[in-house]
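Comments concern the structure below.
A short reminder: the numbers here are calculations on the coordinates, not readings from a lab. Everything numeric here is computed off the predicted structure, so don't read it as measured data. Cβ: placed from backbone, ideal geometry, glycine included. Neighbour counts: every protein chain shown.
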Amino acid sequence: MRLSQFFLPTLKENPAEAQIASHRLMLRAGMIRQQSAGIYTWLPLGLRVLRKVEAIVREEQNRAGVVELLMPTIQSADLWRESGRYDDYGKEMLRITDRHERELLYGPTNEEMLTDIVRTFVKSYKQLPLNLYHIQWKFRDEVRPRFGVMRGREFLMKDAYSFDLDEASARVSYNKQFLAYLRTYARLGLKAIPMKADTGPIGGDLSHEFIILAETGESQVFCDKDWLDLDVLDKAPKSAEELQSFVDWATGFYAATEEKHDPNAVPIPADRLHSARGIEVGHIFYFGEKYSKPMNATITLADGSTTPMHMGSYGVGVSRLLGAIIEASHDEAGIIWPEAVAPYHVGIITMKAGDAASDAKAQEIYAALTAKGIDVLYDDRDERAGVKFADLDLIGLPWQIIIGPRGLEKGVVEVKNRRTGQRDELSVTDALARVG
Ligand code: ATP
Ligand code: MG
Ligand code: MG
Ligand code: MG
């Protein structure tokens, strides 16, 4: 993409309303624009990253055998009356009335809707287990939307739902998601900590929040330093049989949110206990018959008897993840994207506007990288080099190729790694190999 043809409305000044780095940087880098409190337009650069994060979440759901569908954002209030949550949900739910006075709502989550779909089509134990997900916009009328996409009102969530015959089978579905979550966060360059979460009035111990450590996180969390030092995926199970022992191992590390942490009952030595702020980037939950019973989602067993399905739900905050990634990966100059989600892999800058040799070389490199299937952003604007450098550092592409008349005389261009800051003068061939 040529920057002159792109739409990248970067800001030079720090927006006054942004309190944390990720919010500030997303606004400054021209990724998002606020339309109303907690409601954003995804500008082209932001949308590219959102799509990449979404793709990784999707690939890992698919790998875990979860099947994608797409449910609408607007739901009928009647379904929520069946589960009893229409009144319970309170003011966070955005309620809508249509022209026929029918009560609708903008979905904050989809347990009721999918339970309704599944009870319509799934009648026999032979059709289970069934694991489905969608990636769809949600609306929650948060009291205090803040920190940009971190706590929006409209936000993108991946939510999956499992339907099983019994608790033992539901636990397998749960474990598959548990592993899929760790894989997803690792691919995003994040160290997520699974923490036991409250299961509320349903009880049981099958609920985990996945927390990313960041100074600006909204909750205080405690964990075992050993977890932070290891590469979880090294230990990933190779077979279905190993899955339960993997989950037992991974959940064996001490990890607790402030509400659950008892300083007098910490099972690890004090020097291994790490205390930090955390961001919730995912939450998985086994809740048995909570919805299937009141909504009459039952299946017929081999002996002809019927029983409610056992269900679980599994959420990832897709749009929140962009904020979390930036909180974990930025510096004074701007964002530092992990390669897996970078909006473009390489940025090309010419230092001297109007220099024909530089323009020709930039064009040549741009074409060569594009031909290799690499996403390139070529800053061909008629701007001072300083402006281009600042913008490229701000938007955080992993690699920069800098072309200037002096280098060209020596037959070299400069290649800069955004993360390490290392700069090398290389021939074009070597530069292409370095960033490819
Ligand atoms: P929080 O505690 O932050 O309010 P939650 O526990 O209410 O989140 P869940 O119902 O568990 O959220 O939803 C699944 C995931 O959706 C969360 O783990 C989080 O990553 C994301 N999420 C929830 N609320 C928001 C929001 N207002 N803006 C962006 N992402 C959100
Ligand atoms: Mg909430
Ligand atoms: Mg929460
Ligand atoms: Mg939660």
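Averaging sequence separations of C-alpha pairs under 8 Å and six or more residues apart, then dividing by the length of the stretch 3-142, give the relative contact order as a whole percent.
Working: 140 pairs, mean separation 29.4, N = 140.
Taking the mean separation of contacting Cα pairs over the length of the stretch 3-142, I get 21 percent.
What is the Cα radius of gyration of the stretch 1-59 over 2.2 N^0.38 Å, N being its residue count?
Details: Rg = 12.6 Å, N = 59, 2.2 N^0.38 = 10.4 Å.
So the Cα radius of gyration is 1.21 times the expected 2.2 N^0.38 Å.
Using only helices, what value at 222 nm comes out for the chain when you add -39,500 (n - 2.57) per DSSP H run of length 4 or more and divide by the total residues, to the nearest 500 deg cm²/dmol?
Values: 13 runs with 139 residues, N = 436.
Taking each H run of at least 4 residues, the total per residue is -9500 deg cm²/dmol.
Measuring from the lowest to the highest alpha carbon on each principal axis, how far does the stretch 157-203 reach, largest first, in angstroms?
Largest to smallest, the principal-axis extents are 35, 21, 20 Å.
Rg and Dmax of the stretch 56-204 over Cα atoms: what are they, in angstrom?
16.8, 49
So how far, in whole Å, is the C-alpha centre of the stretch 91-122 from the one of the stretch 1-45?
The stretch 91-122 and the stretch 1-45 have Cα centres separated by 32 Å.
How big is the stretch 233-350 in terms of Cα radius of gyration and Dmax, in angstroms?
Spelled out, the Cα radius of gyration and Dmax of the stretch 233-350 are 21.7, 75 Å.
Please turn the phi angles of the stretch 211-220 into ³J(HN,Hα) values with the Karplus equation 6.51 cos²θ - 1.76 cosθ + 1.60 (θ = phi - 60°), one per residue in order, whole Hz, x for glycine and proline.
Result, rounded to whole Hz: 10, 9, 7, 7, 3, 8, x, 8, 10, 8.
Just for the stretch 275-401, what percent of DSSP beta bridges are antiparallel, to the closest 5?
On the way: 11 of 18 bridges.
In the stretch 275-401, DSSP labels about 60 percent of beta bridges as antiparallel.
In nm, to one decimal, how far is the GLU242 label point from the ARG423 one, both placed 7 Å along Cα→Cβ?
Calculated label separation equals 4.6 nm.
Quick one: in the chain, what % of C-alpha pairs are over 28 Å apart?
Values: 53268 of 94830 pairs.
When every Cα pair of the chain is considered, 56 percent fall beyond 28 Å.
LYS12 to ASP430: FRET efficiency via 1/(1 + (r/R0)^6), r the Cβ-Cβ distance, R0 30 Å, to the nearest 0.05?
Plugging the Cβ-Cβ distance into 1/(1 + (r/R0)^6) gives 0.30.
Just list whichever of LYS191/LYS225; LYS52/LYS388; LYS138/LYS196; LYS196/LYS260; LYS91/LYS158; LYS352/LYS388 have alpha carbons separated by over 18 Å in the model shown.
Numbers: LYS191/LYS225 12 Å; LYS52/LYS388 25 Å; LYS138/LYS196 24 Å; LYS196/LYS260 8 Å; LYS91/LYS158 23 Å; LYS352/LYS388 11 Å.
Result: LYS52/LYS388; LYS138/LYS196; LYS91/LYS158 exceed 18 Å.
Output the Cα-based Rg and Dmax of the stretch 165-252 in Å, rounding Rg to one decimal and Dmax to a whole number.
13.7, 42
Obtain the radius of gyration and the Kirkwood radius of the stretch 283-436 from its C-alpha atoms and give Rg over Rh.
Values: Rg = 25.3 Å, Rh = 18.8 Å.
With Rh from the inverse mean 1/r over Cα pairs, Rg/Rh is 1.35.
Taking only the C-alpha atoms, wrap a convex hull around the stretch 320-382 and report its volume per residue in Å³ as a whole number. Numbers along the way, then the final one.
On the way: hull volume 6.0 nm³, N = 63.
Considering the Cα atoms of the stretch 320-382, their hull volume per residue is 96 Å³.
Just add up the charged neighbours of ALA328: K/R +1, D/E -1, any other residue whose Cβ is under 11 Å from the Cβ of ALA328. Each step should come with its number before you reach the end.
Details: positive: LYS191; negative: GLU215, GLU327.
Residues near ALA328 contribute -1 overall.
Just to verify a number: FRET efficiency for GLU92 and LEU69, C-beta to C-beta distance, R0 = 30 Å, to 0.05?
On the way: r = 25 Å, r/R0 = 0.82.
For R0 = 30 Å, the calculated efficiency reads 0.75.
Would you kindly calculate the mean projected area, averaged across all directions, of the convex hull enclosing the Cα atoms of the stretch 102-184, in square nanometres? Could you put the intermediate results ahead of the total?
Details: hull surface 30.6 nm².
So the mean shadow area of the Cα hull is 7.7 nm².
Can you list, bin by bin at 5 Å, the percent of alpha carbon pairs in the stretch 392-436, starting at 0?
That works out to 5, 25, 31, 21, 13, 4, in percent per bin.
Of PRO269, ALA297, TYR286, which is farthest along the charge dipole of the stretch 222-334 in the positive direction, counting Lys and Arg as +1 and Asp and Glu as -1 at C-beta?
The one lying farthest along the dipole's positive direction is ALA297.
Express in whole angstrom the spacing between the alpha-carbon centres of the stretch 292-334 and the stretch 147-172.
First find each Cα centre; the distance between them is then 1 Å.
Applying the Karplus parametrisation 6.51 cos²θ - 1.76 cosθ + 1.60 with θ = phi - 60° to the phi angles of the stretch 355-365, what ³J(HN,Hα) value in whole Hz is obtained for each residue in order, glycine and proline being reported as x?
Each residue's phi maps through the Karplus curve to give 7, 4, 5, 5, 4, 5, 5, 4, 4, 5, 5 Hz.
Hey, what did the chain get for relative contact order, percent, Cα under 8 Å, at least 6 apart? Before the final figure, lay out the partial values.
Details: 837 pairs, mean separation 72.8, N = 436.
Rounded, it is 17 percent for the chain.
Could you give the size of the charge dipole of the chain about its Cα centre, using +1 on the Cβ of each K and R and -1 on the Cβ of each D and E, expressed in debye and rounded to the nearest 20?
Numbers: 54 positive and 63 negative charges, 193 e Å.
Dipole size: approximately 920 debye.
Indicate, rounded to the nearest 5 percent, the antiparallel portion of the DSSP beta bridges found entirely in the chain.
On the way: 70 of 83 bridges.
Given both bridge residues lie in the chain, the antiparallel proportion sits at roughly 85 percent.
Roughly how many debye, to the nearest 20, is the charge dipole of the stretch 253-315 about its Cα centre, given +1 on each Lys and Arg Cβ, -1 on each Asp and Glu Cβ, and no other charges?
Details: 5 positive and 7 negative charges, 19 e Å.
Magnitude of the dipole: close to 100 debye.
Run through every distinct alpha carbon pair of the stretch 19-116 and return the Kirkwood hydrodynamic radius in angstroms, one decimal place. Walk me through the numbers on the way to the answer.
Working: mean 1/r = 0.0608 Å⁻¹.
Radius from the Kirkwood sum: 16.4 Å.
State to the nearest 20 debye the size of the charge dipole of the stretch 1-88 about its Cα centre, where the only charges are +1 on K and R beta carbons and -1 on D and E beta carbons.
On the way: 12 positive and 10 negative charges, 138 e Å.
The dipole magnitude comes to about 660 debye.
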